[in-house]
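Just below is one structure, and these are the notes that go with it.
The values are calculated or read from the model by the stated rules, or taken from the named source; none is laboratory data. Not measured: the values here are computed from a predicted model. Glycine also receives a Cβ, built like all others from the backbone with ideal geometry; neighbour counts cover every protein chain displayed. In case anyone asks, the SASA skips ligands and DNA or RNA and just uses the protein heavy atoms, side chains included. Shrake-Rupley method; radii C 1.70, N 1.55, O 1.52, S 1.80 Å.
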Amino acid sequence: MNLSFFDQFMSPSLLGIPLILISMLFPTLLYPSPNSRWITNRLLTLQSWFLHLITKQLMTPLTKKGHKWALILSSLMIFLLTINLLGLLPYTFTPTTQLSMNLALAFPLWLATLLTGLRNQPSASLGHLLPEGTPTPLIPALILIETTSLLIRPLALGVRLTANLTAGHLLIQLISTATTVLLPIMPAVSLLTLSILLLLTILEVAVAMIQAYVFVLLLSLYLQENI
Amino acid sequence: GPLSERPLMQVRLGELHTWISTCDFSPQGLLGAAQKAWNSYYAKYINVRRGGHTGISMLLAGYCLLSYSWNYQHFKRHRWRKYH
């Protein structure tokens, strides 16, 4: 028996041409660039409002030096949010279910925050490895633990996003399969499963938005420690 | 006007193959055609004074249809499969 439940996560290709690039570039169509008018169309107004909201949220706890990261953090937020939400449409492919893509996003950005901290304020950055007030005998163990937790951050960022989205999509596929298979046999149970599916879809929309937000928020937190 | 400069909607069915032969199929030409198509869609459905959800919804529906067509080979066998 083939495990065809996982086929939805295979990178799509048509006649050998990878289509993942198109699914990654499609969000750019949904965000038109602002024109030079004072009052723009409704889509642009909504887009500017949303962009201002998230940029303000992300940049408030950062110092002036951290505001250089405004463009990359807010564009990353919009990118992940759109890709996650688009993946909930039928038959679409979600690039963020691929671990390779999420690690490729998490690793360089985390490394950039780390190197910024080590370059500009090395003793303060290394000082994060030992929380204040630890008892002296515990210091060596705690430094090892904190170093491990520091080095595991990019992996955690990537795997968190991948696992949340993959699990959600898989659950949706499983429960919808159960609903369709049960429909001729036990319609009442099928209705119950359908209501579970509706609740799950609402949860998945929330998870899509929250995971994108958490990814970018954690990166901004790592930046705050190091800038 | 001359056949090559008319937009597609104003070309009659009989003249279609002549119109296609006057098309520019180089990468720049295709990119230019895609850009023109997007700009006309944007100007007609999104960049309007009191636009609603229509412009974006049609885009998303088209994206769903496109994804369906790309994956068709894979799930055309799903209907009669014993185990999914």
- Task: Could you please give the count of residues in segment A:17-34 that are away from chain B (no Cβ under 11 Å) and part of a loop (DSSP other than H, G, I, E, B)?
- Result: 1
- Residue hits (segment A:1-16; away from chain B (no Cβ under 11 Å), within 19 Å of B:Y68 (Cβ to Cβ) and not in a helix (DSSP H, G or I)) are A:S11
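So, of the residues in segment A:153-168 that are of a type outside the set (S, T, N, Q) and crowded, with 18+ Cβ neighbours inside 10 Å, which turns out to be nearest to A:P108 (Cα to Cα)? Give the steps one after another, and end with the answer.
Going through segment A:153-168, the residues of a type outside the set (S, T, N, Q) turn out to be A:153-161, A:163, A:165, A:167-168.
Next cut, crowded, with 18+ Cβ neighbours inside 10 Å only: A:153-154, A:157-158, A:161, A:165, A:168.
Details: A:R153: 12, A:P154: 8, A:L157: 12, A:G158: 11, A:L161: 16, A:L165: 21, A:G168: 26 Å.
In this case the residue turns out to be A:P154.
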- Task: Within segment A:85-108, track down each residue that is assigned to a helix (DSSP H, G or I) and surrounded by fewer than 15 Cβ atoms within 10 Å (Cβ to Cβ).
- Result: A:S100, A:A104, A:P108
- Note on the structure: Expected single match for modelled with pLDDT under 90, open to solvent by less than 70 Å² (accessible area, probe 1.4 Å) and of a type outside the set (K, R) among A:T147, A:T177, A:T193 is A:T177
- Specify the residue that is farthest from A:S23 (Cα to Cα); the eligible residues are those in segment A:62-84 that are hydroxyl-bearing (S, T, Y) and assigned to a helix (DSSP H, G or I). A:S74
- Examine segment A:71-94 for a residue that is without any contact (Cβ under 8 Å) to a residue 24 or more places away in the chain, within 14 Å of chain B (Cβ to nearest Cβ) and over 17 Å from A:V207 (Cβ atoms), and state whether such a residue exists. yes
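If you take the residues of segment A:35-48 that are open to solvent by 100 Å² or more (accessible area, probe 1.4 Å) and part of a helix (DSSP H, G or I), which of them is nearest to the other protein chains (Cβ to nearest Cβ)?
Restricting to residues being open to solvent by 100 Å² or more (accessible area, probe 1.4 Å) and part of a helix (DSSP H, G or I), the top hit is A:R42.
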- Item | Pair list, Cβ under 6 Å, 6 or more apart: segment A:2-30 residue among the β-branched types (V, I, T), other residue open to solvent by less than 30 Å² (accessible area, probe 1.4 Å) | A:I20/A:P95
